[in-house]
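Only one structure is covered here, and it is reproduced in the block below.
Please treat every number below as a calculation from the coordinates, not as lab data. Owing to the predicted nature of the structure, the values given are computational and were not obtained by experimental measurement. Cβ sites come from the backbone with ideal geometry, for glycine too, and all protein chains shown count toward neighbours.
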């Protein structure tokens, strides 16, 4: 793996697991959130934490599909899936699935041919592989910020990070 690929993988790891320069990563802001809190809507017009987790998982699946040459776009239902019952098991499954998808993408990134970074993964949209890899990192951080704000709106019981 080239140094550039190592840097991309490192940024994807940091934005998801932690040790990022900017502040908390996705898993760090999810720490201490239970199923009821994840399903809550402390800001009426905003998505819930759980909805954001499912959305993040959907975008990981999207990039993994594109890496396989499948350019199928996300449907609105795939992009923002309906919540399952707000049980601890379902919440744990949602976070575990997100964790697994992040690991799958990081493995795919490590195996990706560096000479293909400037080429599109699929014809439509014609984003380069580099744009996809750095974009998913930026997407993680954008939604980590939203999750942090929702936790703040929920009150001090979710601030265990």
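A few notes on this one:
- Measuring r between the beta carbons of residue 61 and residue 119 and using R0 = 35 Å, the FRET efficiency lands at 0.95.
- Fewest neighbouring Cβ atoms within 10 Å first, the residues 139, 22, 55 line up as 22, 139, 55.
- Neighbour-count ranking [beta-carbon atoms within 10 angstrom, fewest first] of 51, 4: 4, 51
- For the chain, built as a Gaussian network whose Cα springs stay under 10 Å, the top-fluctuating residue of 58, 44, 148: 44
- For the chain, the longest principal axis of the Cα atoms and the long axis of helix 49-67 meet at an angle of about 10 degrees.
- Residue order, fewest to most surrounding Cβ atoms within 10 angstrom, among 110, 151: 110, 151
- Potential extension, residue 87-residue 72 segment - 0.36 nm per residue separation minus Cα distance: 2.3 nm
- Whole-Å distance, taken between Cα centres, linking region 35-92 and region 114-140: 21
- Of 123, 108, 144, the one that fluctuates the most in a GNM where the chain has Cα springs shorter than 10 Å: 123
- Calculated volume of the Cα convex hull per residue in Å³ (choose from [x] 96; [y] 149; [z] 108), label: [z]
- Taking the convex hull of Cα positions in region 102-161, its mean projected area over all directions (nm²): 5.5
- Here the sum of -39500 (n - 2.57) over DSSP H runs of 4 or more residues, divided by the residues of the chain, equals -19500 deg cm²/dmol at 222 nm, to the nearest 500.
- The chain: angle of helix 129-154 to the longest principal axis, Cα-based, in degrees nearest 10: 10
- FRET efficiency for residue 149 and residue 111, using Cβ-Cβ distance with R0 set to 41 Å, rounded to 0.05: 0.70
- With Cα atoms, 0 to 90° folded angle of helix 3-17 axis to the chain main axis: 10
- Contact order normalised by residue count of the chain, Cα under 8 Å, 6+ apart, percent: 36
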